[in-house]
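J.: Please read through the structure below; I'll follow up with questions.
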Amino acid sequence: MSKTKENNYQWISTLRGFAALLVFTAHLPIPFPHLLSFAIGRTGVVLFFLITGYLAVQSRKKRTRKQYVFNRFVRMYPVFWLILIATYIVKIVAWHADFVKHLKDLVLNMTLFNEFLGSDCIIGTSWMMPIQVCFFLLITVLAADFFDSSDKAKSGRADLLFIACSCFTLGISVLRYATGKPFPTAFGLLILSGLIGIKYHDCGGLGGIAKQLALFAATFIPSVILSYRDEAVGYFAAYAAGTALFILAHKLNVSVKAMNMLGDVGFSFFLAADIPHIILEKFIDPTDSAVKLVVFTVIKLAASLVLAYLLTKFIETPMLKKAKAVESKLDR
């Protein structure tokens with residue numbers, strides 16, 4: 001890979017914006033067939049994890065463990081907490097619910113591991129974030145040069161990690177099938193997607209990840225069949241589409257200005273979209289007619305973009321600038 005292309009990450013911004021748009025679209029009240037809606041949203045999620053992996057090691061190499069943990073925490077939690085509390089208040093008011101009665105759910109959601117603690121997600125799109133947290137913790141625990149393929153020994157250890165995660169995912173899927181309980185097979189599949197993103201960045205091309213893709217397929221197919229029989233087609237389509245789009249965007253060095261702009265505010269965009277959605281439902285029934293659906297969609301999109309822009313410009317960006325100064329002082 002040439003130095004120019006390696007340093008040109010506009011395709012990442014475009015892809016991040018497109019992934020956010022896919023997740024947003026999947027949560028619109030459009031009467032898609034379930035499998036199509038699922039595939040659209042899950043394609044966006046797969047893209048997010050491939051991007052996360054692609055960028056993760058480079059970010060880790062620049063920082064000590066303490067700095068990396070602090071950096072990831074600041075990038076994920078504070079803005080999420082703000083949007084979470086706002087969404088909680090909007091839901092309480094719109095649904096005339098008891099504010100105090102549901103405070104436990106709010107507190108558990110603040111950990112991001114609420115589903116593991118028996119509480120549903122207040123923000124529907126936040127379900128994938130605890131998997132990201134676990135992925136970042138994995139990167140933190142490992143040495144900064146763990147994935148350096150120029151060293152055969154380290155490359156071999158990275159391959160063993162991929163194999164171990166594949167075995168873990170297969171084991172989870174077998175448990176889910178045998179017990180009928182919702183063991184998180186998706187957790188393993190998305191962690192593997194992140195590891196593929198890491199390997200792709202390291203090798204710079206499709207040929208370098210052929211072995212990982214083959215092992216992933218051997219893990220993915222039986223795991224999905226065992227765990228998600230009714231949605232298997234959607235899973236197959238989403239992971240294939242997500243991986244293909246990721247590779248093509250890199251190879252073609254795609255850059256779309258509108259998607260770049262959306263990618264810059266993508267974190268707030270896909271998290272905060274529930275707020276205008278809930279408010280709009282009080283005034284417009286999108287299932288009533290095609291016209292109302294279009295109006296609902298246009299207003300929700302515009303409101304979500306404005307909200308994401310304001311959150312990014314006046315809260316996230318200033319906060320990250322201040323956090324950077326704190327981060328630079330850690331481990332001194």
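J.: Considering only the stretch 143-158, I want to know if a residue exists there that is over 23 Å from Trp81 (Cβ atoms), in a helix (DSSP H, G or I) and in contact (Cβ under 8 Å) with a residue 12 or more places away in the chain.
T.: Yes, the stretch 143-158 has at least one match.
J.: I'd like to know if the stretch 320-327 contains one or more residues that are surrounded by 13 or more Cβ atoms within 10 Å (Cβ to Cβ), in contact with a Phe, Trp or Tyr (Cβ under 6 Å, 6 or more places away or on another chain) and under 29 Å from Ala158 (Cα atoms).
T.: Taking every residue of the stretch 320-327 in turn, at least one turns out to be surrounded by 13 or more Cβ atoms within 10 Å (Cβ to Cβ), in contact with a Phe, Trp or Tyr (Cβ under 6 Å, 6 or more places away or on another chain) and under 29 Å from Ala158 (Cα atoms).
J.: Would you point out which residue out of Ser289, Ser304 is loosely packed, with under 13 Cβ neighbours inside 10 Å and farther than 30 Å from Gly207 by Cβ?
T.: On inspection, the qualifying residue turns out to be Ser289.
J.: Right, here's the next one. If we keep just the residues of the stretch 112-142 that are touching a His at 6+ places or on another chain (Cβ under 9 Å) and β-branched (Val, Ile, Thr), which is nearest to Leu84 (Cα to Cα)?
T.: Ile122
J.: Determine whether Leu175 is surrounded by 22 or more Cβ atoms within 10 Å (Cβ to Cβ) and part of a helix (DSSP H, G or I).
T.: No.
J.: I'd like the full set of residues that are surrounded by fewer than 16 Cβ atoms within 10 Å (Cβ to Cβ) and under 19 Å from the mean Cα position of the chain (by Cα), limited to the stretch 70-96.
T.: The answer is Phe73, Pro78, Trp81.
J.: Can you name every residue in the stretch 99-117 that is surrounded by fewer than 17 Cβ atoms within 10 Å (Cβ to Cβ) and not in a loop (DSSP other than H, G, I, E, B)?
T.: Scanning the stretch 99-117 gives Leu103, Lys104, Val107, Met110, Glu115, Phe116, Leu117.
J.: Asp120 - would you say it is surrounded by fewer than 17 Cβ atoms within 10 Å (Cβ to Cβ), charged (D, E, K, R) and at pLDDT below 95?
T.: Against the criterion (surrounded by fewer than 17 Cβ atoms within 10 Å (Cβ to Cβ), charged (D, E, K, R) and at pLDDT below 95), Asp120 does not qualify.
J.: Could you tell me which of the residues Ala186, Ala210 is of a type outside the set (Lys, Arg), assigned to a helix (DSSP H, G or I) and over 18 Å from the mean Cα position of the chain (by Cα)?
T.: Ala210
J.: Between a residue in the stretch 100-116 that is within 17 Å of Tyr77 (Cα to Cα) and any residue that is among the β-branched types (Val, Ile, Thr) and at pLDDT 95 or above, which pairs come within a Cβ distance under 7 Å, given they are 6 or more apart or on different chains?
T.: Listed by first residue and then by second, the contacts come to Asp105/Ile122; Leu106/Ile122; Asn109/Ile122; Leu112/Val133.
J.: Given the residues Leu262, Leu271, which is the only one that is aliphatic (A, V, I, L, M), more than 19 Å from Leu82 (Cα to Cα), surrounded by 20 or more Cβ atoms within 10 Å (Cβ to Cβ) and touching a Leu at 6+ places or on another chain (Cβ under 9 Å)?
T.: On inspection, the qualifying residue turns out to be Leu262.
J.: Now for a different question. When you go through (1) over 25 Å from Pro29 (Cα atoms); (2) not in a helix (DSSP H, G or I) one by one for Ala217, which number turns out not to apply?
T.: (2)
J.: Turning to a different aspect of this structure: Being acidic (Asp, Glu), touching an Asp or Glu at 6+ places or on another chain (Cβ under 8 Å) and more than 21 Å from Phe168 (Cβ to Cβ) narrows it down to one residue among Asp202, Asp230, Asp264; which is it?
T.: Selected residue: Asp202, the only one of Asp202, Asp230, Asp264 that is acidic (Asp, Glu), touching an Asp or Glu at 6+ places or on another chain (Cβ under 8 Å) and more than 21 Å from Phe168 (Cβ to Cβ).
J.: Here are the criteria: (1) among the hydroxyl-bearing types (Ser, Thr, Tyr); (2) touching a residue at least 24 places away in the same chain (Cβ under 8 Å); (3) not in a helix (DSSP H, G or I). Tell me which single one Tyr200 does not satisfy.
T.: Unmet condition: (3).
The values are calculated or read from the model by the stated rules, or taken from the named source; none is laboratory data. Keep in mind it's a predicted model, so treat the numbers as computed, not measured. We place every Cβ from the backbone using ideal geometry, glycine too, and count neighbours over all the protein chains shown.
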